[in-house]
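Reading through the structure tokens given below for one structure.
The values are calculated or read from the model by the stated rules, or taken from the named source; none is laboratory data. The shown structure was predicted, so the numbers you read here are calculated from the model rather than taken from an experiment. We place every Cβ from the backbone using ideal geometry, glycine too, and count neighbours over all the protein chains shown. Surface areas here come from the heavy atoms of the whole protein model, side chains and all, with no ligands, DNA or RNA. Shrake-Rupley method; radii C 1.70, N 1.55, O 1.52, S 1.80 Å.
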Amino acid sequence: MYSQQIKTFVQVAERGSLSKAAEDLFVTPASVMKQMNALEERLGLTLLKRTNHGIELTEAGKYIYQSAKQIMAESDAAVLHAQTIQRCEQKTIRIGSSFLNPGKVLTDLWNRVSPAPSEYRFKIIPYDDDHEQILSVVASLGKKMDFMVGAFNSRQMQNMSCFLELGRYKLCIAVPRNHHLALKNRLSLNDLHGEHLIVVKGGDTLYLDHFREIIKMTHPQIILEDAHYFYDMETFNTCEATGSLLLTLDAWADIHPALVTLPADWEFTVPYGLLYSPDISGDAAAFLEIVRKALHDPSYLNTSL
């Protein structure tokens, strides 16, 4: 709210040297001198005088310096207060975030589709990837958080909430680093013959139930082992500890340091997206509508999804 010339003048006055002020402002002494000459010409005043000891202020310069300091302080305070007002006016969206399902997926998407500046701000609500507690987390949608983002394809979850698809993750295979298949760049179903493959237990996830049936029918040599309906970190630990393989997602490639995630010769994918309360309303509902329109109208997008 004040000019760069005023800021430079105050720096010169306080440092008593053009060169020292230039160092503080990361410009050249010539640039500082040019600004001071322009300021004096604009004001019609002589503000500085050279002495054997450096730069001193004239009487007019001393008065302008004191006034400028006050103006700068008041201006900075005004901007800070205005920023506080704006933050209060912004609408807060609460996003659930865990290690397996980070809220960053949604915030990254929003940064690509949102107007700038955005009227929305995000509050990240952490939760644990605990297969015994995850349904209670879903039940908190609309109360403790507005959205969760991830591959939530469970019938149990979707009976408790609504789902907006954002994209699809590829099904991959996680392999312990000391497993002989870890040296491969890509796996085929034949590579899995005789191997124990940990998969989400059947009966709750349409896409993975279909995968299980295809494997049983076409490759019965693959030994399927049931995990819980919902993965947590213990699922990945079990894979590493037992030497089994794990059906996983490309989004989880770096979840466990002792596992290698490899693509496979199939086209199986699962949708990922937003879970939200069936009773969504207010700011969260308006936010959801912007995201929904962005997904269906490319003109909303700054870059492709």
Total charge of the residues flanking I173 in space, meaning their Cβ is under 12 Å from its Cβ, with Lys and Arg +1 and Asp and Glu -1, is -1
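Carbon-plus-sulfur fraction of the accessible area of the chain, 1.4 Å probe, in percent?
Carbon plus sulfur share of accessible area: 52 percent.
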Between A241, A68, A182, which gets the highest mean-square fluctuation from a Gaussian network model of the chain, Cα cutoff 10 Å?
-> A68
In the neighbourhood of F147 defined by beta carbon distances under 12 Å, the net charge of the other residues (Lys, Arg +1; Asp, Glu -1) is +1
1/(1 + (r/R0)^6) with r = Cβ-Cβ of V79 and N185, R0 = 45 Å, i.e. FRET efficiency to nearest 0.05, evaluates to 0.25
Could you state, as a whole-number percent, how many of the C-alpha pairs of region 241-294 are farther apart than 16 Å?
-> 62 percent
Computed [θ] at 222 nm, helices only, for the chain once each DSSP H run of length n ≥ 4 contributes -39500 (n - 2.57) | -13000 deg cm²/dmol
Principal-axis tilt of helix 282-296 within the chain, Cα atoms, nearest 10 degrees | 70 degrees
Taking Cα atoms, the helix 29-43 axis meets the longest principal axis of the chain at an angle in degrees (rounded to 10) of 60 degrees
Among L25, L166, L206: highest mean-square fluctuation, GNM of the chain, C-alpha pairs under 10 Å | L25
Dimensionless Rg/Rh of region 19-64 - Kirkwood Rh, Rg from C-alpha atoms | 0.98
Stretch gain in nm, segment Y207-D254, where the contour uses 0.36 nm per residue and the Cα spacing is subtracted = 14.6 nm
Roughly how tilted is helix 233-242, in degrees to the nearest 10 and between 0 and 90, from the longest Cα axis of the chain?
-> 50 degrees
Along the three principal axes, how long is the chain when you take its alpha carbons, biggest first, rounded to the nearest angstrom?
-> 94, 47, 35
Expected sort for 212-219, 284-291 on mean C-beta neighbours within 10 Å, highest first, is 284-291, 212-219
What's the tally of Lys pairs in region 71-205 whose alpha-carbon atoms lie under 14 angstrom apart, where the two lysines are 8 or more places apart or on different chains?
-> 4
Per residue, what accessible area does region 148-305 have, given a 1.4 Å probe and all protein chains present, in Å²?
-> 49 Å²
Rounded to the nearest whole Å², what accessible area per residue is found for region 97-139 with the 1.4 Å probe?
-> 55 Å²
When the Cα centres of region 252-287 and region 176-222 are compared, how far apart do they sit, in Å?
-> 20 Å
Would you mind calculating the gained length between K104 and Q66 on full extension (0.36 nm times residue separation, minus the Cα-Cα distance), in nm to one decimal?
-> 9.0 nm
The alpha-carbon center of region 30-79 and that of region 224-246 are separated, in whole Å, by 69 Å
Here the convex hull volume per residue of region 172-305, taken over Cα atoms and given in Å³, is 154 Å³
Considering only protein heavy atoms, what is the solvent-accessible area of D254 at a probe of 1.4 Å, reported in Å² to the nearest 10?
-> 140 Å²
Report, in debye and to the nearest 20, how large the dipole of the chain comes out about its Cα centre when Lys and Arg carry +1 and Asp and Glu carry -1 on their Cβ.
-> 1140 debye
If the cut-off is a Cα-Cα distance under 20 Å, which lysines reach K20, setting aside same-chain residues fewer than 8 apart in sequence?
-> K7, K34, K49, K62, K69
